[in-house]
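Undergrad: Structure in structure tokens, see below.
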């Protein structure tokens, strides 16, 4: 139960909420409880399950280094999910040629964007 409250406080930034009345606070708490439940259910997945690869990708996007002694955390999964959703929204809104042009422009300014090998999508 303590981990759940920690996730709500830190992961969902409970202290930065600015709801003005009890109904709005209750609504947001209910949504946070549902999101936390989904994250904890994801943590129960086993390596032989179909969504395992997706779970590992989400964890890496959230900062997990893949070391066995450091288990996946719900906060890291939440961070990874947010990044994945943002990327999927971008892919839905922007065509591939534009993404490639943006990548080249960023690489001209900053050098290679990532130490990871270039993906076929970009």
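Undergrad: With only alpha-carbon pairs counted, each pair once and no self-pairs, how large is the Kirkwood hydrodynamic radius of the chain in angstroms?
TA: 17.0 Å
Undergrad: Nearest 500 deg cm²/dmol is fine: what mean residue ellipticity at 222 nm does the chain get from its DSSP H runs of n ≥ 4 alone, each adding -39,500 (n - 2.57), divided by its residue count?
TA: Result for the chain: -19000 deg cm²/dmol, rounded to the nearest 500.
Undergrad: Additional query: I'd like the FRET efficiency for residue 33 and residue 85, computed as 1/(1 + (r/R0)^6) with the beta carbon distance as r and R0 of 22 Å, rounded to 0.05.
TA: About 0.70, to the nearest 0.05.
Undergrad: Rounding to the nearest 10 and keeping the result within 0 to 90°, find how far the Cα-based axis of helix 22-43 lies from the longest principal axis of the chain.
TA: Orientation of helix 22-43: about 60 degrees from the principal axis.
Undergrad: Mind checking the full-extension length gain between residue 44 and residue 112? Use 0.36 nm per residue of separation minus the Cα-Cα distance, one decimal, nm.
TA: Gain on stretching residue 44 to residue 112: 20.9 nm.
Undergrad: If neighbour count is taken as other Cβ atoms inside 10 Å, put 18, 64 in order from fewest to most. Let's see the in-between values first.
TA: On the way: 18 5, 64 20.
Going from least to most buried by this count: 18, 64.
Undergrad: Quick one: angle between helix 52-61 and the longest Cα principal axis of the chain, in degrees between 0 and 90, rounded to 10, please.
TA: That works out to roughly 80 degrees.
Undergrad: Within 10 Å, count the other beta carbons around each residue, average over each peptide in 33-43, 71-81, 100-110, and list them highest first.
TA: On the way: 33-43: 14.6, 71-81: 18.9, 100-110: 11.0.
Ranked by mean Cβ neighbours within 10 Å, highest first: 71-81, 33-43, 100-110.
Undergrad: To the nearest 10 degrees, how steeply does helix 74-93 sit against the main Cα axis of the chain, on a 0 to 90 scale?
TA: Tilt of helix 74-93: around 50 degrees.
Undergrad: How many angstrom lie between the Cα centre of segment 18-37 and the Cα centre of segment 56-100?
TA: Between the Cα centres of segment 18-37 and segment 56-100 lies a distance of 24 Å.
Undergrad: Estimate the FRET efficiency between residue 15 and residue 97 by the formula 1/(1 + (r/R0)^6), using the beta-carbon distance for r and 35 Å for R0, to the nearest 0.05. Show your work: numbers first, answer last.
TA: On the way: r = 43 Å, r/R0 = 1.22.
It comes out at approximately 0.25.
Undergrad: Between rounded, prolate and oblate, where does segment 1-71 land on the alpha carbon gyration tensor, with a ≥ b ≥ c its root eigenvalues, rounded for a/c under 1.5, else prolate if a/b exceeds b/c?
TA: Note, shape of segment 1-71 comes out prolate.
Values in this text are rule-based calculations from the coordinates and carry no lab data. As the structure is a computational prediction, the values presented were derived from the model and not from experiment. Cβ atoms come from the backbone with ideal geometry, glycine included; neighbour counts cover every protein chain shown.
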